[in-house]
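One structure is given here, and the rest of the page talks about it.
The values are calculated or read from the model by the stated rules, or taken from the named source; none is laboratory data. Computed from a predicted model, the values in this text were never measured in an experiment. In this analysis, Cβ positions are derived from the backbone assuming ideal geometry, glycine residues included, and neighbour counts consider all displayed protein chains.
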Amino acid sequence: MQLMRQPTGAAPARASSRAPALPVLPHHRQQRLRHRGLHTCRTASGTTSDKVALESPASNAATDAAPAAAVAHAAAPEDARAIVDEVLKAIEGTDSGLSIDPATRKHVDGLLDKLEALGAAQQPRPLDSPLLWGNYNVAYTSVGRSQERGEPAGGRFRGKIGRALFRTAGLFQSVLQPDIATNKVEFKLFGMLPGFVGLRGRVVPQGDAGDTVQVLFEPPVLAIADKLFLCIGRTSSVVLSTTYLDERIRLGKGSRGSLFVFTRGGAADAAGMDQVGLQRTSLTAAALFSAFFVSLFAAGWLLWATANPLGRAAAVAFWLLGAAVGGVVRQGGLVMDREDERMVAAAQAALAEKERKDKERKEEAGGGAEAGAGGVTPAAA
């Protein structure tokens, strides 16, 4: 049969816009391919291709990565709990770290470094967390890698002479809403007479990390028998970062590198921390404290005047006792240097700036309220 020739000048035949249909795989074959980890591909025309594609390794990796990340995220709190358990066990019965041996101290400080690394990712940040507020026992202190002089907590009251004369009965710190911090060292003078020295200060947030504050403390309050109060010393300041925070503990690091472990509640809740620093000097307390030191030195002079060796030995003992007690309570037990004095000046400036901004916000809020009230037309009677 003769093929027909396209007439000259005629329009060329138009190609079909539809792609040629491809055979559809039988349903049972598609099921087998899916079962083997394969899948069929659909063409632009909507038909099913008999070309078989393997699942992408990249998609498998992405699918596996999500559960792995979730497991890692869940593992972090588990790791933290285990480390906290180990820390609390190691520091138990160590008098807030004073009686711990060097090897154990090094181990504990290393554990605190691990918790600090975990705490860096905690959300919300410590200053925004409701867990920050409360009463804490100072369970452990360490100078760490710092060059700090004296004890990180308690000052001279926690030094060797201070502990001999003012036996420590409790060491506490509280963070109270909205911006108050209190410190308290409970003691027994000569092992018998109860008392405490306390600090009360205003908290000013520092930086943008959400974990650091500077506290400007008022002069310390010295109390004997919870009835005689004497404000002594001067204002002081500290900068403290909260490096880890959970339901049981709060970790702190001082500006010079000192380390702190605070445990929540317990004896701290019964220590009256919200009242620390509110007491004021009474004339009775001032008179009795003065009489105590005068009597010690006067008795010493009388004993020395006897020219008796035993009497003179007793006189020296009286003088040393007076000097030791005076040395501990001097400046409220605070140990300060020039750097501390600069910190006080910086804290005073920061607090003044904070109060100025707070006042401006209140005035703006008050002005807006008055403007809104002034724009309201009273309803007709």
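Checking L310, L303 one by one, the residue that is free of Cβ contacts under 8 Å to residues at least 24 places away in the same chain, in contact with a Lys or Arg (Cβ under 9 Å, 6 or more places away or on another chain), over 30 Å from V239 (Cα atoms) and part of a helix (DSSP H, G or I) is L303 and no other. Residue-level analysis places A121 outside the set of residues that are buried (at least 18 other Cβ atoms within 10 Å of the Cβ), part of a loop (DSSP other than H, G, I, E, B), in contact (Cβ under 8 Å) with a residue 40 or more places away in the chain and out of contact with any helix residue (DSSP H, G or I) (no Cβ under 6 Å at 6 or more places or on another chain). Taking only segment 149-166 into account, find how many residues are surrounded by 15 or more Cβ atoms within 10 Å (Cβ to Cβ) and more than 16 Å from the chain's Cα centre (by Cα). Residues flagged as surrounded by 15 or more Cβ atoms within 10 Å (Cβ to Cβ) and more than 16 Å from the chain's Cα centre (by Cα) within segment 149-166 amount to 12.
Can you say whether V325 is part of a strand (DSSP E or B) and out of contact with any Ser or Thr (no Cβ under 7 Å at 6 or more places or on another chain), as far as the supplied structure shows? No: the conditions fail for V325.
Across segment 87-118, the number of residues qualifying as surrounded by fewer than 16 Cβ atoms within 10 Å (Cβ to Cβ), assigned to a loop (DSSP other than H, G, I, E, B) and polar (S, T, N, Q) comes to 1. Scanning segment 273-290 for residues being in a loop (DSSP other than H, G, I, E, B) and crowded, with 18+ Cβ neighbours inside 10 Å gives a total of 3.
Residues checked against (1) out of contact with any Cys (no Cβ under 6 Å at 6 or more places or on another chain); (2) at pLDDT 95 or above; (3) not hydrophobic (A, V, I, L, M, F, W, C):
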residue: G170; (1), (2), (3): yes, yes, yes
residue: L176; (1), (2), (3): yes, yes, no
residue: K184; (1), (2), (3): yes, yes, yes
residue: V215; (1), (2), (3): yes, no, no
residue: S258; (1), (2), (3): yes, no, yes
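Would you check if there is a residue in segment 143-158 being assigned to a strand (DSSP E or B) and closer than 26 Å to D109 by Cβ? No, segment 143-158 contains no residue that is assigned to a strand (DSSP E or B) and closer than 26 Å to D109 by Cβ.
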